[in-house]
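Okay, structure first, notes after.
The values are calculated or read from the model by the stated rules, or taken from the named source; none is laboratory data. Worth saying up front: this structure is predicted, and the values here are computed from it rather than measured. As a convention, Cβ positions derive from the backbone with ideal geometry for all residues, glycine included, and neighbour counts pool all protein chains shown.
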Amino acid sequence: MATAAITAERENYLNQEYGIKSWLLTVDHKRIALLYLLSITFFFFIGGFFALLIRLELLTPAGDLVQADTYNKLFTMHGQVMVFFFLIPSIPAVLGNFLVPLMIGARDLAFPRINLLSWYLYIIAGIMMLHCMLTGGVDTGWTFYTPFSTAFSNTKVIEAGLAIFVSGFSSILTGLNFVVTIHRMRAPGMTWNRLPLFIWAHYATSIIQLLGTPVIAVTLVLVVLERALHLGIFDPTRGGDPLLFQHLFWFYSHPAVYIMILPSMGVVTEIVPCFTRKRIFGYKFVAMSSIGIAVLGFLVWAHHMFVAGISLYAALIFSMLSYLVAVPSAVKVFNWTATMYKGSITFSTPMLYAFGFIGLFLMGGLTGLFLSALGIDVHVTDTYFVVAHFHYIMVGGAVMGYLGGMHFWWPKISGRMYPEALGKLAAMIVFIGFNLTFFPQFILGYLGMPRRYWQYPPEFQVLNVLSTAGATVLAVGYVLPMVYFLWSMRYGKIAPANPWGASGLEWTTTSPPPTMNFERTPIVDWEAYDYENIPAPEEARVAG
Amino acid sequence: MSEHIVPLKTNVAVWLVLLVLTGVTAGVAFIDLGPFNTIVALVIATCKALMVVLIFMHVKYTSERLVKVVVFSALFFLLLLLGLSLADYATRLLV
Amino acid sequence: MPDSPIAVEPHSPELRHHFADMEQQREASSLGMWLFLATEVMFFGGMFCAYLIYRLWYFPEFAAASKSLDITLGTVNTAVLICSSLTVVLAVRAAQLGKRHDQVVYLALTLVLGLAFLGVKGVEWTSKFKEHHIPGASFHFEGTVPGHPDQPVDQQHAQIFFSLYFAMTGMHALHMVIGVGIFSYLLYQAWKGRYTPDYYTPLENSGLYWHFVDIIWIYLFPLLYLIDRKK
């Protein structure tokens, strides 16, 4: 159609300037988001590659694919790459960077050049990590426990530690940018209580990034110094305490898991009202629960250390606090459900991912409560139960939220629609593959199979084979969107400004948006999630 | 941050007090106050830090409540790190 | 066709165009620096946490090691930093009052004081090197527990003190070096007349950074130098 052709050629952030320099030296938050998209997707497949090797080894009880030391490197690098180079940046650096200014009615983030710096720091860290992996890797586990990492491991601990140190600064700068932007650059009328809950989620995430990341940064500095200079800060044979490392490490790394999940929750909170055609239930509760998770998340770190040698009293305190932190997460689940009650639900691809998120996050979260109970934790800690628990949250939760968000906002980002049938198919494959991979691991862990072991007793083989089969299915589910997103950039249907009939300022501007985001600064005088007044997509299309 | 200009006298006074307190800190270290030596030293250090934050860094004069929230949050989370870690270390030998 | 954008009002050449006006830019920059300082609190905080634990565990050795530090140099350095905070404040004040020459003088003084601090640090570390107090293969601490002249100090525990001493003062010194770099840039820009009563945000925010580094030292001084000087 003629209008479609004009829309496609209208000047937007993608076609405003061409050439590699215009991308590598951009300060446009939308372009930086795409730079991140390419980078984190690359690292996702690296981390996934390690996962596949792990699952291949675990097809048989004997250690017959790789040597034990190599296996240690595989799970270490899988963890490091996935945590630091995929999960932590993923939604904030891609969807957050793209959407935060748009959602609040601003022209860009507060510090566009710092935004670009944050990407370059990520790339530098990534290159360091890649070099480390290619020249021998690390075998300490992503947790770098001392004194193995500082005194006994023969692998490239220093290089890996420094790579993560640099990536931490990338994370801090992103968080800093978001907090300042959200405080200082909201459009007229965009009060705190009118903000999309995606923004509240990213605000909470940014607080964690700002306050937590520096602690792991300094801890890694101490580890590097200790390893290089043979100090004794964390080495019991030299007067040090290995648990001090663990306290400092987990002080960040526990809140880090909330960095990884909060943005996903924000995504789900945008998707659910849209495809239910209803205002979110309990806006203030959802907003406050994000802040609650961020704050309470800092109070629970030693639940990773219950059997490490902390005092029983400390264990009791941290166990009780860990129960507490489940409450705000539960609040969100109740609110999503209540939103859907008597709503008019469309099972679009984003909504399928949202449903998957809610169910799988629920299971992951509840099993977290199992682990908070000292008695159960003694039995299942360092087994596959824990592995299943955190993969339910990180993969069943965070990654599904990320994919749901990518599908939801793809029309806005690219100006094209992805093929809906393939989208639904991929979502189903991911869901099936995920459950097949990780549900058996709950059972394996409960039965006693330890994590990070390269061999296991033969009675565990069937469940391991199921898990590996699931991983293969899951891989297919992940590759599909890559293929059809790329396809859609050339052949996809041209997207209108608001294909879903969604609320939010980002949908009031064109798809893709112009470089300056809005023709004129929006002035907001309506509440968020104003679905009573937004026509559903079919009506909008007929009217248009 | 603000148009308020702190009087020169105030700045110089704070500077002098900071120098005097530095001397006091060093001097008191040689006097035996038992366990209070550490407490006195840290209290004086905190007074000095407060003066730098409130006057040199302008927090006393700012109309931005947000700045005070940021300062308070940083201190709160630092104390959380120190305090909850101590919850482990202080109770290890009890059980 | 979209309307042409609203005519841009005359504004300071320092206005970055994603901001609506200079006030928004100033408030954003200020908040940004405060948040960065909050991250620095947590960064140093990790080392303070390690220090706290080991001071509790190894108090006698920490006391002995602390006594081996030069209290005069430590006190002098504390005074030097306090003076440099004053000169920073006066430099910002000079900008607020539109006095270019005063800005330059005070910024230059700040640099001199900052470099003096680093110089004294260098002297202290050199003497530590000569006394074999630098952690590593040649570490050896000669000394007894304060108040117990017959009790030699545990070498490992003393080494932990010095590991933390060098980590903390080293990290602090690194921040001073960065500060010197930033203030050198500011000195040059101030000399060129860039900072006026209408625009002195970089001065103000860099001043915040400098004061913060001063505050870290205000705590490091008693914690490292004055653990137990009574005996």
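In the stretch A:210-230, which residue that is within 20 Å of the chain's Cα centre (by Cα) and touching a residue at least 60 places away in the same chain (Cβ under 8 Å) is farthest from residue A:153 (Cα to Cα)?
Selected residue: A:211.
Which residue out of B:44, B:39, B:5 is facing another protein chain (nearest Cβ under 7 Å) and not aromatic (Phe, Trp, Tyr)?
Criteria check complete, one pass: B:5.
For the stretch A:413-423, give me each residue that is of a type outside the set (Gly, Ala, Ser), touching a Pro at 6+ places or on another chain (Cβ under 7 Å) and outside any loop (DSSP other than H, G, I, E, B). Explain how you work it out, then say what you get.
Step one: of the stretch A:413-423, the residues of a type outside the set (Gly, Ala, Ser) are A:413, A:416-420, A:422.
Retained after the next criterion (residues that are touching a Pro at 6+ places or on another chain (Cβ under 7 Å)): A:413, A:417.
If the condition is that a residue be of a type outside the set (Gly, Ala, Ser), touching a Pro at 6+ places or on another chain (Cβ under 7 Å) and outside any loop (DSSP other than H, G, I, E, B), then A:413 is the only one that fits.
Please state which one of A:59, A:65 is more than 26 Å from residue A:258 (Cα to Cα), touching a Ser or Thr at 6+ places or on another chain (Cβ under 8 Å), away from chain C (no Cβ under 14 Å) and not in a helix (DSSP H, G or I).
Values: A:65 fails: touching a Ser or Thr at 6+ places or on another chain (Cβ under 8 Å).
Among A:59, A:65, only A:59 is more than 26 Å from residue A:258 (Cα to Cα), touching a Ser or Thr at 6+ places or on another chain (Cβ under 8 Å), away from chain C (no Cβ under 14 Å) and not in a helix (DSSP H, G or I).
Just to check your reading of the model, which residue among B:53, B:43, B:69, B:14 is at pLDDT 95 or above, assigned by TED's automatic domain parsing to the domain that holds residue B:4 and surrounded by fewer than 16 Cβ atoms within 10 Å (Cβ to Cβ)?
Values: B:53 fails: surrounded by fewer than 16 Cβ atoms within 10 Å (Cβ to Cβ); B:69 fails: assigned by TED's automatic domain parsing to the domain that holds residue B:4; B:14 fails: surrounded by fewer than 16 Cβ atoms within 10 Å (Cβ to Cβ).
Exactly one residue qualifies, and that residue is B:43.
Can you give me the ranges of the helices (runs of 4 or more DSSP H) entirely in the stretch A:285-382 with at least 2 residues that are under 22 Å from the mean Cα position of the chain (by Cα) and of a type in the set (A, V, I, L, M)? I'd like the intermediate steps shown before the answer.
Numbers: elements: A:312-340, A:349-372, A:374-380.
Qualifying helices (runs of 4 or more DSSP H): A:312-340, A:349-372.
Residue-wise test of (1) surrounded by 23 or more Cβ atoms within 10 Å (Cβ to Cβ); (2) out of contact with any Pro (no Cβ under 7 Å at 6 or more places or on another chain); (3) of a type in the set (S, T, N, Q); (4) over 28 Å from residue C:25 (Cα atoms).
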position: A:113; (1), (2), (3), (4): no, yes, no, no
position: A:120; (1), (2), (3), (4): no, yes, no, no
position: A:127; (1), (2), (3), (4): no, yes, no, yes
position: A:134; (1), (2), (3), (4): no, yes, no, yes
position: A:142; (1), (2), (3), (4): no, yes, no, yes
position: A:147; (1), (2), (3), (4): no, no, no, yes
position: A:153; (1), (2), (3), (4): no, yes, yes, yes
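Please determine whether any residue of the stretch C:105-118 is closer than 18 Å to residue C:202 by Cα, in a helix (DSSP H, G or I) and not aliphatic (A, V, I, L, M).
Yes; the residues of the stretch C:105-118 include at least one that is closer than 18 Å to residue C:202 by Cα, in a helix (DSSP H, G or I) and not aliphatic (A, V, I, L, M).
Select from the stretch A:207-231 the residues that are more than 8 Å from every other protein chain (Cβ to nearest Cβ) and either surrounded by fewer than 24 Cβ atoms within 10 Å (Cβ to Cβ) or among the hydroxyl-bearing types (Ser, Thr, Tyr) (or both) and write down the one among them that is farthest from residue A:251 (Cα to Cα).
A:228
Take residue A:499 and tell me if it is without any contact (Cβ under 8 Å) to a residue 40 or more places away in the chain and either under 26 Å from the mean Cα position of the chain (by Cα) or within 30 Å of residue A:342 (Cβ to Cβ) (or both). Give the steps one after another, and end with the answer.
Details: without any contact (Cβ under 8 Å) to a residue 40 or more places away in the chain: no; either under 26 Å from the mean Cα position of the chain (by Cα) or within 30 Å of residue A:342 (Cβ to Cβ) (or both): yes.
It is false that residue A:499 is without any contact (Cβ under 8 Å) to a residue 40 or more places away in the chain and either under 26 Å from the mean Cα position of the chain (by Cα) or within 30 Å of residue A:342 (Cβ to Cβ) (or both).
Within the stretch B:60-95, count every residue that is aromatic (Phe, Trp, Tyr) and within 9 Å of chain C (Cβ to nearest Cβ). Working first, answer last.
Residues of the stretch B:60-95 that are aromatic (Phe, Trp, Tyr), as a first pass: B:61, B:72, B:76-77, B:89.
Restricting the remaining residues to those that are within 9 Å of chain C (Cβ to nearest Cβ) gives B:77, B:89.
So the count comes out to 2.
Mind checking which residues of the stretch B:8-36 are touching a residue at least 24 places away in the same chain (Cβ under 8 Å), over 16 Å from residue C:80 (Cβ atoms) and within 7 Å of chain C (Cβ to nearest Cβ)? Give the steps one after another, and end with the answer.
Quick first cut of the stretch B:8-36, residues touching a residue at least 24 places away in the same chain (Cβ under 8 Å) only: B:10-11, B:14, B:17-18, B:21-22.
Then keep just the ones that are over 16 Å from residue C:80 (Cβ atoms); that gives B:10-11, B:14, B:17.
Hit for the stretch B:8-36 is B:11, nothing else.
With the condition kept exactly as written, say whether any residue in the stretch A:96-116 is under 21 Å from the mean Cα position of the chain (by Cα) and either among the small types (Gly, Ala, Ser) or not in a helix (DSSP H, G or I) (or both).
Our first condition is that a residue be under 21 Å from the mean Cα position of the chain (by Cα); within the stretch A:96-116, this holds for A:96-103, A:109, A:115-116.
Pick out the ones that are also either among the small types (Gly, Ala, Ser) or not in a helix (DSSP H, G or I) (or both) and you get A:96, A:109.
Checking the stretch A:96-116: at least one residue is under 21 Å from the mean Cα position of the chain (by Cα) and either among the small types (Gly, Ala, Ser) or not in a helix (DSSP H, G or I) (or both).
So which residues in the stretch C:73-114 are polar (S, T, N, Q) and more than 9 Å from chain B (Cβ to nearest Cβ)? Lay out the reasoning, then the answer.
Applying the first criterion (polar (S, T, N, Q)) to the stretch C:73-114 yields C:75, C:77-78, C:84-85, C:87, C:96, C:103, C:110.
Residues satisfying the conditions are C:77, C:84, C:87, C:103, C:110.
(1) part of a helix (DSSP H, G or I); (2) touching a residue at least 40 places away in the same chain (Cβ under 8 Å); (3) at the interface with another protein chain (Cβ under 7 Å from one of its Cβ atoms); (4) surrounded by fewer than 22 Cβ atoms within 10 Å (Cβ to Cβ): which one isn't true of residue C:173, the others all being true?
With respect to (1) part of a helix (DSSP H, G or I); (2) touching a residue at least 40 places away in the same chain (Cβ under 8 Å); (3) at the interface with another protein chain (Cβ under 7 Å from one of its Cβ atoms); (4) surrounded by fewer than 22 Cβ atoms within 10 Å (Cβ to Cβ), residue C:173 is out only on (3).
Consider the stretch B:66-94. How many of its residues are outside any helix (DSSP H, G or I) and not hydroxyl-bearing (Ser, Thr, Tyr)? Explain how you work it out, then say what you get.
Let us first name the residues in the stretch B:66-94 that are outside any helix (DSSP H, G or I), namely B:90-91.
Filter once more, so that each one left must be not hydroxyl-bearing (Ser, Thr, Tyr): B:90.
Going through the stretch B:66-94 one residue at a time, the tally reaches 1.
Answer yes or no as to whether residue C:198 is charged (D, E, K, R) and farther than 14 Å from residue C:68 by Cβ. Give the derivation first.
Working: charged (D, E, K, R): yes; farther than 14 Å from residue C:68 by Cβ: yes.
Spelling it out, residue C:198 is indeed charged (D, E, K, R) and farther than 14 Å from residue C:68 by Cβ.
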